[in-house]
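Engineer: Can you keep this structure in mind? I'll have questions shortly.
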Amino acid sequence: MKAKAFDTRLFKRILQYTKPYQTRFNGVVVFAVLLSIFAALRPYLLKHTVDGYIQTNDSVGLLYYIVLMGIVMLAEVFSQFYFVYWANWLGQDIVKDIRVKLFQHMLSFRMRYFDNAPVGQLVTRSVSDIEAIARIFSQGLFMIISDLLKMIVVLFFMFYMNWKLTWIVIIAMPILVYITRIFQRKMQITFEEVRTQVANLNTFVQERVTGMKIVQLFNRENIEAEKFKTINDKHRKAWVKTIWYNSIFFPIADIISSLTLGFIVWYGGLRIIAGDEITTFGDLFSYTIFIGMLFNPLRQIADKFNEMQMGMVAANRVFAILDTSDQIQDKGRIVAPSFKGNISFSDVHFGYLENEDVIKGVDLQIEAGQTVAIVGATGAGKSTIINLLNRFYEIRSGTISIDGENIDHYTLDSLRKQIAVVLQDVFLFADTILNNITLNDPNITRQDVIKAAKEIGVHDFIMSLPNGYDYNVKERGVMLSSGQRQLIAFLRAAVSNPGILILDEATSSIDSYSEDLIQRATETITKGRTSIVIAHRLATVINADLIIVMEQGRVVEQGTHQQLLAKQEGHYRNLYFSQFLVEKEA
């Protein structure tokens, strides 16, 4: 949905965020009023200076009015300072609150949302779109209020001083207002296009930088560069439209202002020559300033309204995310204790897409302390079982229980604290090894990490790195090999002391030294706790207490290695001789 040029409902919603800062909001309005009064007083005092003291050669009165104008100017500067400072301060506090709320809201989304939402677009919403909302207050709303007040006060003084000259200005104003309105409508359309192209540009750059290895491996540099040129050109064209409309509007506004001033001087001069006592030289002096104070704000209101429009468009996009109800329903009331690890799947159905099941009536019984290997072809549903146990996705039907209690009855936070996962694709933050292990949990000390590292045999590896546990692995852990990253993931799981451990055990492209450490870590960390392993290695499969064979979302076989191998033409037997035995011979 596109934001309107001025969406009252949306604007009221934005204003709700000013409530914690109501005193400052009111202060900005007060200083806007004072600013308009002090600004209009200067030309008024100038008229009296010219007519009352310069023309009459009264040097004492001239000095008095000069001092008075200086005081008014200082008061105007003081009001201007607090008006601008508080307006920007208020805007930053408001966007801070919105940004925190937006980020916390996104943290609660299901994995399904992130499967479909482009990362670059979410970054745009959280950063540049939020800043555009800040400009509603710093460059838009309060500036418009200030300009409108200034125009009202100026018109009051002009009518009070010389209503005949003022009517010339009144006649010219509707023309400028009409042109301004057309300009606003055109700019609304172009700003919507600009925000769309900015989001597209961010998404493209984010994906290509993240996937740079694939781009270079498949020699796609030139192709991606051409795509970027196309997207960047669309972004440029969107901005050129805004430049085009500005280039037309502001010169026209200046011409109208200049013509009005010319008519004022011409008509006022004729009245003075004709001996009109109402019109004076002081009027002409003051009106040259008044016209600038009246027409410049009117012209700038269009520019300020542009800021409002950009902020409204951005707010519309941000609130669209805030209004998205795609959270996992955390209605559980039971705080998960230290799990024994009895796991039960009963007729579980699930699909990532509507009317397309990936898990089809799965029944499983895993006893506490067992090491269970899940095997099967790619797409069989192995990883989905892990995702469902952690409640990353909601099942369509059936029940999943841990220690005899439906997992929906546990609070989401306590459930996930009792389940540790080591994924095949390990994600590390641009931080130290220690912080990547503890994830900044204050309950996990450095001593806890070192003790766990020694137990699973990775302490010496970490100490061999520069700065040891304080070694910064950079973005996504690029300073470590895939095997080293997986060792960090094992340690991350170990220090959380989970009741249930899940391993996506992938050791392809890992050196033999890292593989030996991973094997030792696996044996240590799985001891005495329920462990579910998506098995890729023969040793894990053979030593598992239970092997679950999946095919096309169903459990087709389960049992020990010997039991399954004894089944002639069984799924596991075929898999063993086609895949695992090849590994053994190698």
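The values are calculated or read from the model by the stated rules, or taken from the named source; none is laboratory data. Please read these numbers as outputs of a predicted model, since none were measured by experiment. In this analysis, Cβ positions are derived from the backbone assuming ideal geometry, glycine residues included, and neighbour counts consider all displayed protein chains. Surface accessibility is based on the protein's heavy atoms, side chains included, excluding ligands, DNA and RNA. Shrake-Rupley method; radii C 1.70, N 1.55, O 1.52, S 1.80 Å.
Engineer: Can you tell me the orientation of helix 221-273 relative to the chain, as the angle in degrees between its alpha-carbon axis and the longest Cα principal axis, to the nearest 10?
Structural biologist: Here the helix axis deviates by roughly 20 degrees.
Engineer: Additional query: What nm distance separates the two modelled labels at Arg236 and Lys360, each placed 7 Å from Cα along Cα→Cβ?
Structural biologist: Reported label-point gap for Arg236 and Lys360 is 5.3 nm.
Engineer: Where does the charge balance sit around Phe339 when Lys and Arg score +1, Asp and Glu -1, over other residues with C-beta under 12 Å from its C-beta?
Structural biologist: Once all neighbours under 12 Å are counted, the net charge is +2.
Engineer: Can you pull out the trypsin sites (Lys or Arg not before Pro) in segment 356-415 whose DSSP state is coil and whose Cβ has at most 16 other Cβ atoms within 10 Å?
Structural biologist: Of the trypsin sites (Lys or Arg not before Pro), the ones in loops of segment 356-415 whose Cβ has at most 16 other Cβ atoms within 10 Å are Arg396.
Engineer: Arg181 to Arg9: extension gain in nm, 0.36 nm per residue of separation minus the Cα-Cα distance?
Structural biologist: Extending this stretch completely gives an extra 59.9 nm.
Engineer: If I model a spin label as a point 7 Å beyond the Cα along the Cα-Cβ vector, how far apart are those points for Thr411 and His105 in nm?
Structural biologist: About 2.4 nm separates the two model spin labels.
Engineer: If you don't mind, there's one more thing I want to ask. Would you mind computing, in nm to one decimal, how far apart the modelled labels at Asn443 and Ala566 are, each placed 7 Å from Cα along Cα→Cβ?
Structural biologist: 4.5
Engineer: How much of the accessible area of segment 60-115, in percent, comes from carbon and sulfur atoms when a 1.4 Å probe is used?
Structural biologist: The computed percentage sits at 73.
Engineer: Leaving ligands, DNA and RNA out of it, report the carbon-plus-sulfur percent of the accessible area of segment 395-526 at a 1.4 Å probe.
Structural biologist: Answer for segment 395-526 is 47 percent, counting heavy atoms of protein chains only.
Engineer: Report the local net charge at Leu353: Lys and Arg +1, Asp and Glu -1, summed over other residues whose C-beta lies under 12 Å from its C-beta.
Structural biologist: Combined, the nearby Lys, Arg, Asp and Glu give -2.
Engineer: Tell me whether segment 212-340 comes out rounded, prolate or oblate; compute the Cα gyration tensor, take square roots of the eigenvalues as a ≥ b ≥ c, and use a/c under 1.5 as the rounded threshold.
Structural biologist: Taking the square roots of the gyration eigenvalues as a ≥ b ≥ c, segment 212-340 is oblate.
Engineer: Would you mind counting up the charge near Asn232? Only other residues with Cβ under 13 Å from its Cβ, with Lys and Arg at +1 and Asp and Glu at -1.
Structural biologist: +3
Engineer: Right, next: What is the angle, in °, between the Cα long axis of helix 281-322 and the longest principal axis of the Cα atoms in the chain? Nearest 10 is fine, range 0 to 90.
Structural biologist: 10
Engineer: Relative contact order for segment 7-165: what percent, with Cα pairs under 8 Å and sequence separation of 6 or more? Don't skip to the answer; put the middle values down first.
Structural biologist: Working: 105 pairs, mean separation 59.8, N = 159.
RCO, segment 7-165: 38 percent.
Engineer: To continue, here is another question. Match the structure shown to one of the listed values [x] 36.6; [y] 29.7; [z] 27.3 of mean projected area of the Cα convex hull in nm², computed from it, and give that label.
Structural biologist: The value computed from this structure is option [x].
Engineer: Looking at segment 367-462, which GluC sites (Glu not before Pro) are DSSP coil and have at most 12 other C-beta atoms within 10 Å of their C-beta? Don't skip to the end; give the middle numbers.
Structural biologist: Working: sites: Glu367, Glu394, Glu405, Glu455; in loops: Glu367, Glu394.
Answer by residue number: Glu394.
Engineer: If you don't mind, there's one more thing I want to ask. Roughly how much of Glu356 is accessible, in Å² to the nearest 10, using a 1.4 Å probe?
Structural biologist: About 100 Å², rounded to the nearest 10.
Engineer: On average, how much accessible surface per residue is there in the chain, in Å², for a 1.4 Å probe, leaving out ligands, DNA and RNA?
Structural biologist: Heavy-atom accessible area per residue stands at 50 Å².
Engineer: OK, next. Where a ≥ b ≥ c are the square roots of the eigenvalues of the C-alpha gyration tensor, would you call segment 302-441 rounded, which needs a/c under 1.5, or, failing that, prolate if a/b is larger than b/c, or oblate?
Structural biologist: Numbers: a/c = 2.13, a/b = 1.71, b/c = 1.24.
It comes out prolate by the Cα gyration axes.
Engineer: Okay, next question. Mind listing which trypsin sites (Lys or Arg not before Pro) in segment 310-349 are in a DSSP loop and have 13 or fewer other Cβ atoms within 10 Å?
Structural biologist: Here the trypsin sites (Lys or Arg not before Pro) that fit, given the DSSP loop and packing criteria, are Lys331, Arg333.
Engineer: For segment 156-269, with all protein chains present and a 1.4 Å probe, just round the carbon and sulfur fraction of the accessible area to a whole percent. Before the final figure, lay out the partial values.
Structural biologist: Numbers: 4760 of 6980 Å².
Carbon and sulfur together cover 68 percent of it.
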